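Visitor: Below is one structure. I have some questions about it.
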Amino acid sequence: MALSLNNLKPAKGSTHKKKRVGRGPGSGLGKTAGRGHKGQKSRSGYSSRPGFEGGQMPLQRRLPKRGFTNIFKKQWVEISLAKIESNFDAGADVTPEILHERGLIKKAKHDLVILGNGDVSKALNISAHRFTKTAKDKIEKAGGSATEIKKAVAAAA
């Protein structure tokens, strides 16, 4: 039998009837509708908070606090030379904005660092906030340029 739109159906055993609760004793889910007797979980409107352990002191609060998170930590978006090499033609200008447009990096919220993984055979003009030593050497050896972007520092009043 040929497969066509009029004889399509799901695989045997892959579909199930919807569970209809509270529809009489014959269904096996009548009266309390599978919720048991009394208690918070039997009431309508019940929803549990993530991490809630029924009033017991939650694990998150039982464990001691350790360490420190620096909210001013410098974060970098990394990209390898191999990725740039495969996505750009010779003589192309490569900037964080262009990399973002092509989907190679996420939004340029953090500074961009170019890593020296892979080889460069084309002359590319790459602008980034930082280059590793090997990346800079490989770009310049291929006849390209590696320009560091300097962030403007706000003047203290």
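Read-outs throughout are calculated quantities, based only on the coordinates presented, and are distinct from any laboratory measurement. All figures in this text were calculated on a predicted structure; none of them were measured in a lab.
Visitor: If the cut-off is a Cα-Cα distance under 19 Å, which lysines reach Lys133, setting aside same-chain residues fewer than 8 apart in sequence?
Guide: Answer for Lys133, where 19 Å is the Cα cut-off: Lys83, Lys122, Lys141, Lys150, listed by chain and number.
Visitor: Could you give the length gained on full extension between Arg23 and Ala92, defined as 0.36 nm per residue of separation minus the Cα-Cα distance, in nm?
Guide: Gain in length upon complete extension: 17.9 nm.
Visitor: Got a sec to turn the phi values of the range 26-39 into Karplus ³J(HN,Hα) couplings, 6.51 cos²θ - 1.76 cosθ + 1.60 with θ = phi - 60°, whole Hz, x for Gly and Pro?
Guide: x, 7, x, 10, x, 6, 8, 6, x, 9, x, 10, 6, x
Visitor: Give me the three principal axis extents of the range 76-148 from the C-alpha atoms, as integers in angstrom, largest value leading.
Guide: For the range 76-148, the Cα spread along each principal axis is 30, 23, 18 Å.
Visitor: For Gln75 and Ala11, compute 0.36 nm times the residue count separating them, minus their Cα-Cα distance, and round to one decimal in nm.
Guide: Length difference between fully extended and current span is 18.1 nm.
Visitor: Dividing the convex hull volume of the alpha carbon atoms of the chain by its residue count, what do you get in Å³ per residue?
Guide: Looking at the chain, the number lands at 368 Å³ per residue.
Visitor: Normalized C-alpha radius of gyration of the range 53-114, against 2.2 N^0.38 Å?
Guide: The range 53-114 yields a ratio of 1.94.
Visitor: Let me ask something additional. Of Ser86, Ser145, Ser14, which has the largest mean-square fluctuation in a 10 Å C-alpha GNM of the chain?
Guide: Per the Cα network of the chain with a 10 Å cutoff, Ser14 tops the list.
Visitor: State the extension gain, in nm to one decimal, for the chain segment bounded by Ala82 and Lys150, taking 0.36 nm per residue of separation less the distance between their alpha-carbons.
Guide: 22.1 nm
Visitor: Per DSSP helix of 4 or more residues, -39500 (n - 2.57); summed, then divided by the residues of the chain. What does that give at 222 nm, rounded to the nearest 500?
Guide: About -4000 deg cm²/dmol.
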